[in-house]
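Readers should treat all values here as calculations from the given coordinates under stated rules, not as data from a laboratory. Treat the numbers as computed from the prediction; the structure is a model and nothing was measured. Note that we place each Cβ from the backbone using ideal geometry, even for glycine, and neighbour counts take in every protein chain shown.
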Ligand SMILES: Nc1ncnc2c1ncn2[C@@H]1O[C@H](COP(=O)(O)OP(=O)(O)OP(=O)(O)O)[C@@H](O)[C@H]1O
Ligand SMILES: [Mg+2]
């Protein structure tokens with residue numbers, strides 16, 4: 001269910017001294033959307049989220065969340081949204097249940113209302129068996145579950161999840177994503193960062209930030225079809241590594257890397273596919289298959305970054 005605008009950022013900027021961490025980014029997130037925010041370490045994802053949550057003042061530009069200006073009315077934003085920060089915000093000497101009661105209280109939930117919400121989320125997030133365990137002794141994935149439960153307890157309309165699944169095992173990651181999809185189906189808007197591109201496929205739209213600027217934005221399928229994504233070719237050969245070595249520095253090659261047992265090479269245009277074939281033939285290397293494919297998100301982003309051009 002995708003509706004009205006929940007987040008609107010206009011030329012949002014954050015500097016630390018002379019360093020520009022977030023460089024005039026503009027975007028909108030619609031109600032009920034799962035909006036993925038991707039980019040390499042230090043690209044500006046957490047800084048952007050911290051501004052949207054009302055915890056960090058923008059240096060320039062503006063943003064609204066749920067109709068409230070994040071700089072002028074940060075408290076209104078904080079009470080209506082949920083923020084799961086990238087670092088741990090847990091106290092090692094409080095139990096799972098104590099954390100949840102504490103957070104519920106901070107959001108003004110008391111008595112039966114608090115008890116029901118804590119029980120519901122403990123069950124939904126798989127923490128009921130560990131309710132009396134101290135947070136400090138929880139395995140990493142369970143610490144993330146607890147942080148997520150504390151973020152969702154007050155049923156915020158907008159949630160910001162900053163790397164909710166880092167350090168979480170693959171099965172639990174799938175459970176996290178089932179939950180995120182359910183939240184979105186119930187109308188909650190989700191902005192989520194991740195370094196796992198398989199997770200990015202679950203997002204309605206993705207933005208890719210690089211050096212503080214958004215360089216690609218769209219639905220996963222749109223990003224893969226965009227002309228700026230180039231043309232990705234799959235190569236199957238027994239000599240993949242020698243082929244990689246032969247083509248990776250060619251001027252028409254944007255990116256080349258092993259992808260499982262095949263090689264993915266992204267070139268600028270479809271004419272370059274023949275050039276690629278010629279380069280391989282000239283080295284006397286044999287291939288079983290060389291054909292254009294739908295790129296993975298990894299191919300798309302590697303290609304866009306190398307080309308240094310906005311999508
Ligand atoms: N308080 C601060 N003071 C100075 N520089 C900062 C501060 N916070 C962030 N930065 C810098 O701003 C840049 C963006 O950082 P940010 O944490 O937003 O990146 P990120 O995209 O979340 O990266 P990661 O994927 O590693 O979490 C980095 O170069 C970081 O060192
Ligand atoms: Mg970060």
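Modelled spin labels at residue 10 and residue 116, positioned 7 Å past Cα toward Cβ, are 4.1 nm from each other. Its relative contact order, with pairs defined as Cα atoms under 8 Å and 6+ residues apart, puts the chain at 19 percent. Computed from the C-beta positions of residue 89 and residue 226, the FRET efficiency with R₀ = 35 Å rounds to 0.40. Legend: translational diffusion of region 226-307 by Stokes-Einstein, Rh = Kirkwood radius over C-alpha pairs, 4 °C, 1.567 mPa s; D = 106 µm²/s. Using only Cα coordinates, the Kirkwood hydrodynamic radius of region 120-257 works out to 18.1 Å.
Both the radius of gyration and Dmax for region 148-210 are 11.4, 33 Å, in that order, over alpha-carbon atoms. Here the simple spin-label model places points 7 Å from the Cα toward Cβ, and for residue 166 and residue 98 these points are separated by 2.7 nm. A simple spin-label model places pseudo-atoms 7 Å from Cα toward Cβ; at residue 241 and residue 131 they are separated by 5.5 nm. Relative contact order of region 239-295, taken over Cα pairs closer than 8 Å and 6 or more residues apart, is 32 percent. Where in region 23-41 is the amide nitrogen less than 17 Å from a point lying 7 Å along the Cα-to-Cβ axis of residue 195? In region 23-41, the label zone of residue 195 (backbone N under 17 Å from the point 7 Å along Cα→Cβ) covers 37-41. Between the helical axis of 297-307 and the longest alpha-carbon principal axis of the chain there is an angle of about 70 degrees. Extension gain for residue 270 to residue 257 (0.36 nm times residue separation, less C-alpha to C-alpha distance): 2.8 nm.
Using the Stokes-Einstein relation with a Kirkwood hydrodynamic radius computed over Cα pairs, the translational diffusion coefficient of the chain at 4 °C and a viscosity of 1.567 mPa s comes to 61 µm²/s.
As a ratio to 2.2 N^0.38 Å, the alpha-carbon radius of gyration for region 187-260 is 1.39.
As a length-normalised measure over Cα pairs under 8 Å and 6 or more apart, the relative contact order of region 163-267 settles at 17 percent. With everything on Cα atoms, drop me the angle between helix 140-152 and the longest principal axis of the chain, reported from 0 to 90° to the nearest 10. For 140-152 against the chain, the angle is about 60 degrees.
Of all DSSP-defined beta bridges confined to the chain, some 70% are antiparallel rather than parallel. Diffusion of region 1-134 by Stokes-Einstein, at 10 °C in a medium of 1.306 mPa s and with Rh set to the Kirkwood radius over alpha-carbon pairs, works out to 94 µm²/s.
How far is helix 111-124 tilted off the main Cα axis of the chain, in degrees rounded to 10, range 0 to 90? The helix 111-124 is inclined about 30 degrees to the chain.
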